Amino acid sequence: MKLKDVALLLLIIVLTTSLIFVGKWTNGIVIFDNLSGLINQQIAYQAITLLYTILFLFILWWFKRAEFQSYFRKGNISAEISPVPMVGIKPKPNENWFHFGRNIGIIIYVVTAIVIYFQIIKGNEISGSNILTILLFSIVFSLSNSFVEESITRLGVVVVLKGKLKERTIPLISALIFGIVHYWGNPGGIAGVIVAGFLGWFLAKSILETKGIFWAWLIHFVQDVIIFSARFLVTP
């Protein structure tokens, strides 16, 4: 790899790691007195991370313009999917990314909901008095958060490593970066690393094969809605 590719990959690792520290730094920030501490923290966190993600995308466009323009788009959501039998991806002749994006997406949601239940909801009192407000904030934050994380840890990895490593290796790099930082995230711990690692691999694979971010952003967005909603429901 060229020096600029190494530098960009290091930037991706730094930005991914910084998500943890920005999350800790924004904890306790109060912008609106009538909102919970967690929602205030997320307003600050999402604003900061979205700002530097936009700057990161500009850097990617500047240094890797051809690759960036190839993948920073919707892509072909029904593109052919390469089989990976060891994880159950064994497409029939009529099956493609539309079928596996939908089906594996549902499996990811169910697994996430189970992990989140045991890590966040179980044993805690649920506050559902402001369910519409909770859902609204969950959707807005999920749109931003999924865009930030997909842009840095998925699109960034694909754009930087495309043509430098074998295509089957690139999703593994994304899985490693995304999985490790989720040890301190939600879901967290070893379970979080496994769930996030698989998600990182699968969504990077989707970007490479569909030449677009549709499935990566959509699946991550819905997963984040589950996570944010659970967190807000148990927050006083």
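A few points about this structure:
- Each of Leu38 and Val140 was given a label point 7 Å from its Cα along the Cα-to-Cβ line. The distance between the two points is 1.7 nm.
- Backbone HN-Hα couplings from phi across region 21-30 [Karplus 6.51/-1.76/1.60, Hz, Gly and Pro as x]: 6, 5, x, 6, 5, 7, 5, x, 5, 10
- Hydrodynamic analysis of region 27-141 uses the Kirkwood radius over alpha carbon pairs. Inserted into Stokes-Einstein at 4 °C and 1.567 mPa s, it gives a translational diffusion coefficient of 70 µm²/s.
- Computed over region 1-84, the quotient of the alpha carbon radius of gyration and 2.2 N^0.38 Å is 1.48.
- Region 1-154, dipole about Cα centre (Lys/Arg Cβ +1, Asp/Glu Cβ -1), debye to the nearest 20: 460 debye
- Compactness index (Cα Rg / 2.2 N^0.38 Å), region 180-236: 1.26
- Legend: residue pairs Lys24/Lys164; Lys90/Lys122; Lys2/Lys166; Lys90/Lys211, Cα-Cα distance threshold 26 Å; pairs beyond threshold, Lys24/Lys164; Lys90/Lys122.
- Remark on Ile89: its backbone amide H falls under 5 Å from those of Val84, a criterion applied only to residues 5 or more positions apart or on other chains, H modelled at 1.01 Å from N.
- Region 46-56 - phi-based ³J(HN,Hα) in whole Hz, Karplus 6.51/-1.76/1.60, Gly and Pro as x: 5, 5, 5, 5, 5, 5, 7, 6, 4, 5, 4
- Rg/Rh for region 1-49 stands at 1.23; both radii use Cα atoms, and Rh follows the Kirkwood definition.
- In nm, spacing of pseudo-spin labels at Ala66 and Val30 (7 Å Cα→C-beta vector): 5.5 nm
Since every read-out is calculated from the coordinates, none of them should be taken as a lab result. Model, not experiment: these values are computed from the prediction. Virtual Cβ from ideal backbone geometry, glycine too; neighbours counted across all protein chains shown.
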